[in-house]
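Report on the following structure.
The values are calculated or read from the model by the stated rules, or taken from the named source; none is laboratory data. This is a predicted model, so every value here is computed, not measured. Cβ placement follows ideal geometry from the backbone for every residue including glycine, while neighbour counts extend to all protein chains displayed. Keep in mind that these areas ignore ligands, DNA and RNA; they rest on the heavy atoms of the full protein, side chains included. Shrake-Rupley method; radii C 1.70, N 1.55, O 1.52, S 1.80 Å.
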Amino acid sequence: MARGELMKKLLASYGRDEEFRAVAEQIIDEEEKKNNRVLARSLRKTLETGPSPSRPSGPKGLAPLIPFPDAAADFIERVEPTHARNDIVLGATNVRVLLGLIKEYRRADDIRRHGLKVRSKLLFCGPPGCGKTLCAEIFAAELGLPLFLVKLDRLISSYLGETAGNVRKIFEFARKQPCVLFFDEFDALARSREDSSEHNELRRVVNSLLLFIDNIRPKGFLIAATNLDRSLDPAIWRRFDEVVWFDKPSKSMIGRFLRLKFKNVSVAFDPLRHASALDGYSYAEIERVCIQAIKSMIVERRKQVLERDFNRALEDEVRRRAGQSRLAPPS
Ligand SMILES: Nc1ncnc2c1ncn2[C@@H]1O[C@H](COP(=O)(O)OP(=O)(O)OP(=O)(O)O)[C@@H](O)[C@H]1O
Ligand SMILES: [Mg+2]
């Protein structure tokens with residue numbers, strides 16, 4: 001592979017230890033092949049020895065990794081990004097807000113020097129399957145920060161027991177480690193707050209978690225995601241520096257999404273003709289339709305996705321929805 005490509009891969013893998021190592025080894029192999037033995041040996045030695053402990057933290061903008069507290073492993077998990085910027089369809093407002101946050105993060109020192117606070121606590125709101133988790137992943141990757149997922153339900157129940165110290169460890173960790181700390185299903189916290197009128201201990205726990213969130217100034221970002229709509233408790237709302245909405249796609253966004261999903265296959269019809277029929281569906285539901293249509297093509301050993309593949313997949317999705325509403329409790 002050309003050296004430039006390898007260098008790009010090396011930089012892109014920053015923060016993902018195994019991938020980083022694999023690319024570094026590829027570079028060393030290339031040098032060996034080119035007979036640059038001294039350089040290859042020296043590079044291999046550096047790779048084996050790892051960074052010198054006396055060396056200050058990595059170059060500006062890249063996040064050094066500190067050891068993850070084992071005790072917190074039940075509640076927090078490192079997520080390797082598998083998606084990139086081109087995999088997400090975002091409206092113009094969200095693109096502007098997110099790019100603004102990235103720029104602010106990169107100029108954090110300058111902003112602080114002016115005595116101003118950098119926005120670091122974000123709330124992602126919106127219905128299921130509209131990109132909250134996907135966006136957190138891509139946002140972290142764009143920033144070159146590792147992503148850590150906090151399993152809030154486990155955290156809340158465990159906190160009631162003996163593991164209060166672990167919560168503190170997570171926050172200590174986020175205070176030191178530049179990262180994106182992602183609280184998925186943050187509604188769990190909001191709901192526990194509501195439902196816990198009879199359960200003083202749980203309420204105390206949830207409130208103290210909220211207090212933690214209040215007080216933490218993460219070294220990267222804290223992102224919480226919730227399905228709850230605009231009726232979310234204002235006490236929770238005001239804790240965040242920025243709220244980003246992930247709505248169901250409009251007709252034009254459905255068009256963009258369909259083009260994205262069919263970009264690697266040959267399609268015998270214009271999928272955009274079906275954009276109206278998909279109105280009201282989430283990205284995840286539309287994606288399922290596209291994937292099923294593509295699978296029909298593969299199963300039937302064709303080279304093109306036909307309109308009937310798409311129609312059948314859409315029928316299945318409609319049936320699935322009808323089934324879901326039958327299962328849902330009456331409101
Ligand atoms: N805006 C989007 N652009 C591209 N793909 C999307 C988008 N939103 C959702 N998807 C697709 O749907 C999948 C599920 O989306 P995601 O997990 O981000 O939804 P979510 O909003 O976090 O839902 P939940 O509230 O259920 O957690 C994604 O992995 C992706 O394949
Ligand atoms: Mg999610």
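Assorted remarks:
- The share of accessible area on the stretch 251-326 that comes from carbon and sulfur is 49 percent, using a 1.4 angstrom probe.
- Pairs from Lys103/Lys251; Lys8/Lys295; Lys8/Lys121; Lys9/Lys121; Lys151/Lys176; Lys9/Lys151 whose Cα-Cα separation, in the structure shown, is over 24 Å: Lys103/Lys251; Lys8/Lys295; Lys8/Lys121; Lys9/Lys121; Lys9/Lys151
- Residue separation of Ile298 and Arg238 scaled by 0.36 nm, minus their Cα-Cα distance, works out to 16.7 nm of gained length.
- For Phe183, nonlocal amide neighbours, meaning residues 5 or more places apart or on other chains whose placed amide H falls under 5 Å from its own, are Val150, Ile223, Ala224, Ala225.
- Estimated FRET transfer efficiency when R0 is 35 angstrom, pair Asp29-Ile291 (beta carbons, to 0.05): 0.40
- Estimated from the Cβ-Cβ distance and a Förster radius of 22 angstrom, the FRET efficiency linking Leu39 and Glu19 is about 0.50.
- Only one residue of Ser276, Val318, Val305 has its Cα farthest out toward the positive end of the dipole of the stretch 251-326, where Lys and Arg carry +1 and Asp and Glu -1 on Cβ, and that residue is Val305.
- The residues of the stretch 3-49 present an accessible area of 73 Å² per residue when probed at 1.4 Å with all protein chains retained.
- Ranked order, Arg239, Arg106, Arg113 - accessible area, probe 1.4 Å, largest first: Arg113, Arg106, Arg239
- Largest accessible area first, the listed residues Trp237, Trp245 line up as Trp237, Trp245 when surface is computed with a 1.4 Å probe on the assembled protein chains.
- For the stretch 251-326: accessible area per residue (Å², 1.4 Å): 60
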